[in-house]
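First the structure, in the form of structure tokens, and then the observations on it.
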């Protein structure tokens with residue numbers, strides 16, 4: 001395919017999908033190791049009420065208030081889950097189930113009660129986003145990458161998700177050591193003075209920011225899949241955390257690229273005429289990668305035979 | 001209006017929905033309780049999301065066979081098959097690989113759902129308008145509910161309840177103590193699968209009314225709510241059924257009473273209201289009760305520690321201890337013990353000494369186990385026993401019991 | 001958590017906690033409605049090896065965890081080398097009871113030991129050759145040098161315990177707290193651990209061990225702290241570890257024959 005076609009139509013969605021996948025997979029590694037993988041699930045469900053509330057408050061579809069609303073909802077959800085878990089002495093899974101379903105229900109209800117007929121805001125969009133439409137019309141070929149005028153016409157999702165990816169990477173790099181120690185052995189982390197509670201919250205907030213930025217571009221399905229599948233697949237390949245993170249980035253990228261390409265061209269190859277949902281396809285690809293890793297990965301089996309005595 | 005709705009006076013469709021929602025609430029509450037007691041509540045999230053590809057594939061098959069693809073029974077059968085496949089994948093991941101259950105749940109739910117979305121976009125290109133019914137499965141749509149749909153829900157719900165009734169003993173045993181159940185020869189894995197199968201059945205039955213995203217709420221929230229009110233598993237099951245049924249009924253009624261009140265979300269919110277009420281107000285496990293209990297307990301500990309410090313002539317450093325002692329009139333503002341403080345302190349020290357004897361004496365082993373540093377000795381021993389212990393201690397005998 | 005100055009203006013120095021490596025005053029910890037530790041005072045002697053002993057559920061581990069701030073006490077004060085815990089964290093190393101970590105975690109033995117150097121390394125400090133050498137030296141001291149590249153879950157229980165001791169050694173602390181290090185480990189591990197602890201003592205460090213095997217107390221330790229929810233006795237082994245104090249701590253739960261045996265061992 002020539003640059004004239006590829007750059008305007010495919011480059012930006014590919015980059016956005018890839019950045020979103022990596023931004024979610026990075027914190028996902030720690031969430032999976034901490035057995036908090038479903039926090040990602042909870043966050044992506046509560047994004048909807050956050051966005052609807054932001055819309056009700058501002059009365060318009062504008063990005064920043066909505067992202068703030070979504071991030072706020074994610075934090076509210078996490079705090080509520082923790083509060084219900086402690087106050088009611090309920091296991092975390094059930095507490096999560098109570099909170100995110102209720103908040104999602106409230107979001108749907110608010111949406112129904114609001115006149116959103118004039119704006120593009122609906123549940124389907126929230127679920128599977130619209131990656132395919134994030135094209136770069138001002139581009140005419142590879143040369144446009146150096147053309148300031150054309151660059152100004154980039155879909156705003158791209159710089160946003162790129163910035164988020166930088167932020168998530170910096171957080172992971174900066175707190176690498178305490179994150180690793182407190183994930184492995186929380187008791188020890190506390191004895192050497194690491195504020196494990198605050199760090200855990202910071203991780204969840206980072207995940208929430210990644211989720212919200214990714215959600216804005218690609219919908220919540222990718223968010224959950226990328227939090228879990230690439231890190232889980234990477235886990236089957238190695239016993240070193242550094243290598244696991246690297247593999248998870250590789251898998252996230254592979255899922256995003258292959259999913260996008262298959263969604264766009266797969267149906268054509270099969271004789272169909274229309275593309276299918278790229279977000280759904282990316283999630284599906286990440287699942288296939290996970291399945292392959294689970295069947296053939298060298299480190300797929302449990303090690304921890306020595307549990308409690 | 002709401003009264004009309006609650007008394008089923010809002011017409012045929014509203015009545016059908018109310019009855020269906022009530023039945024669904026009861027069976028979801030009852031089934032979800034076992035899942036909750038087994039600490040696997042969120043497995044239902046994976047099961048429910050995994051229904052989507054099945055619904056889509058069933059639709060495509062039905063269309064290929066020449067139907068219009070909207071046969072509820074056919075779609076539900078498809079959803080059941082794909083949910084079952086998802087369940088098996090999840091079980092395989094947790095049993096055969098190092099993934100923990102939460103990661104397996106998340107992986108299955110996102111991948112199956114993502115694949116379902118892919119299929120949904122394929123269906124959308126098959127012909128305009130034909131997929132309209134399918135998106136209703138995401139959030140439920142009760143507007144066009146037919147008598148036949150209601151019958152499917154009624155029969156499915158009752159069949160689930162009947163199976164729960166039959167399987168309740170082994171399921172309770174497995175939820176409470178899987179190792180013991182295994183030692184008794186129960187096939188844990190198969191009972192777990194049966195439990196999941198029931199959850200799947202409820203999910204499939206509930207697709208029409210609340211949709212696959214919110215059915216999770218009906219499985220989890222009533223069970224969590226009921227747990228606040230009872231320590232006995234069979235009561236929790238019944239209460240969860242009651243809470244679920246009430247939420248379904250009231251939710252459907254409210255939803256019918258005004259426009260733009262979608263049934264599924266309203267049922268979930270009513271259910272959540274019951275949960276919040278229970279979280280705070282339940283008599284034993286509720287938050288208010290626990291806070292009061294803790295404050296009382298903390299007071300007892302501080303007063304006791306303060307009294308012992310007074311009796312041994314030690315200085316009290318904890319401000320809270322001093323404040324509590326002052327308020328009880330046991331010390332003066334300057335920290336010196338009052339007369340009644342001195343008496344209570346002497347008694348506390350004496351009790352400690354008595355406890356020491358009790359705990360060193362094998363004959364009192366059962367009593368000694370009750371020692372927690374706070375208990376008044378006369379609540380566990382008779383006067384004669386205390387007198388006997390005092391003889392062993394020796395010294396002044398006049399300390400009041 | 002622990003007010004340095006109480007409302008009455010009483011400072012910690014006045015309360016007589018002194019410079020002890022670990023001093024506890026009026027400590028009460030409860031799980032739910034039952035105190036696990038009730039109004040306990042403890043003063044650990046510097047440069048000594050102290051065993052905390054008592055029956056099951058007597059609050060031994062809880063005492064240690066509260067001293068480390070892992071569980072929050074209902075009341076009481078803890079000082080480490082005469083100062084609040086937070087100011088002295090770098091001087092404490094703690095070896096938890098086993099099974100509190102995810103053995104499946106993607107990390108090698110050497111990485112676990114390097115975690116002990118994290119204070120020195122800070123947030124972004126690179127692991128250099130000297131840090132690796134230090135970690136290897138610590139592994140060597142517990143006899144685990146050859147296992148440095150194994151994944152932590154691939155070791156036996158005793159070997160894992162030794163790795164966690166190596167991590168504590170890497171911390172270069174002055175006060176070592178160990179929770180049941182000998183529970184369920186093989187004889188080789190027990191020997192290796194006790195040799196390391198004795199060498200620590202010779203180097204002037206303070207060691208506190210939650211211990212359950214009464215038969216080895218006199219061999220291994222020079223101080224004991226007997227607890228059964230409340231403090232029962234505290235002092236040098238020869239004074240505080242007697243048939244009477246054991247009877248008081250264990251009550252009916254310790255068979256008389258066992259006590260006789262121990263008293264004979266005590267001479």
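Some points to look at:
- Note: relative contact order over chain C, using C-alpha pairs below 8 Å and six or more positions apart, is 24 percent.
- Residue of B:355, B:229, B:147 that the Gaussian network model of chain B assigns the largest fluctuation, springs spanning Cα pairs under 10 Å: B:355
- Part-to-part distance (alpha-carbon centres) for the stretch C:182-219 and the stretch B:44-77, which is given in Å: 65 Å
- Inverse mean reciprocal Cα-Cα distance (Kirkwood Rh) of the stretch A:3-296, Å: 19.8 Å
- Rounded to the nearest 10 degrees, the angle from helix A:92-113 to the longest Cα principal axis of chain A is 30 degrees.
- Computed over the Cα atoms of the protein assembly as shown, the ratio of the radius of gyration to the Kirkwood radius (Rg/Rh) comes to 1.02.
- The mean count of C-beta atoms from other chains within 10 Å of the C-beta of residues in B:33-39, rounded to a whole number, is 2.
- Antiparallel DSSP beta bridges within chain C, as percent of all bridges there, nearest 5: 55 percent
- Calculated FRET value between residue B:338 and residue B:291, using beta carbons and R₀ = 30 Å, to 0.05: 0.50
- For chain C, built as a Gaussian network whose Cα springs stay under 10 Å, the top-fluctuating residue of C:33, C:171, C:88: C:33
- Peptides B:185-197, B:96-108, ordered by how many other C-beta atoms sit within 10 Å of their residues on average, highest first, read B:96-108, B:185-197.
- The mean count of C-beta atoms from other chains within 10 Å of the C-beta of residues in B:91-101, rounded to a whole number, is 6.
- Chain C: most fluctuating residue of C:204, C:122, C:26 per GNM, C-alpha cutoff 10 Å: C:122
- Computed over chain A: relative contact order in percent, which uses C-alpha pairs under 8 Å that are six or more apart: 29 percent
- Chain B, relative contact order [Cα under 8 Å, separation at least 6], %: 21 percent
- In plain terms, the residue of C:241, C:182, C:164 with the fewest other Cβ atoms within 10 Å comes first and the most crowded comes last, giving C:182, C:241, C:164.
Read-outs throughout are calculated quantities, based only on the coordinates presented, and are distinct from any laboratory measurement. What you see is a predicted model, and the numbers here were worked out from it, not measured in a lab. Note: ideal-geometry Cβ built from the backbone for every residue, glycine included; neighbour counts use all protein chains shown.
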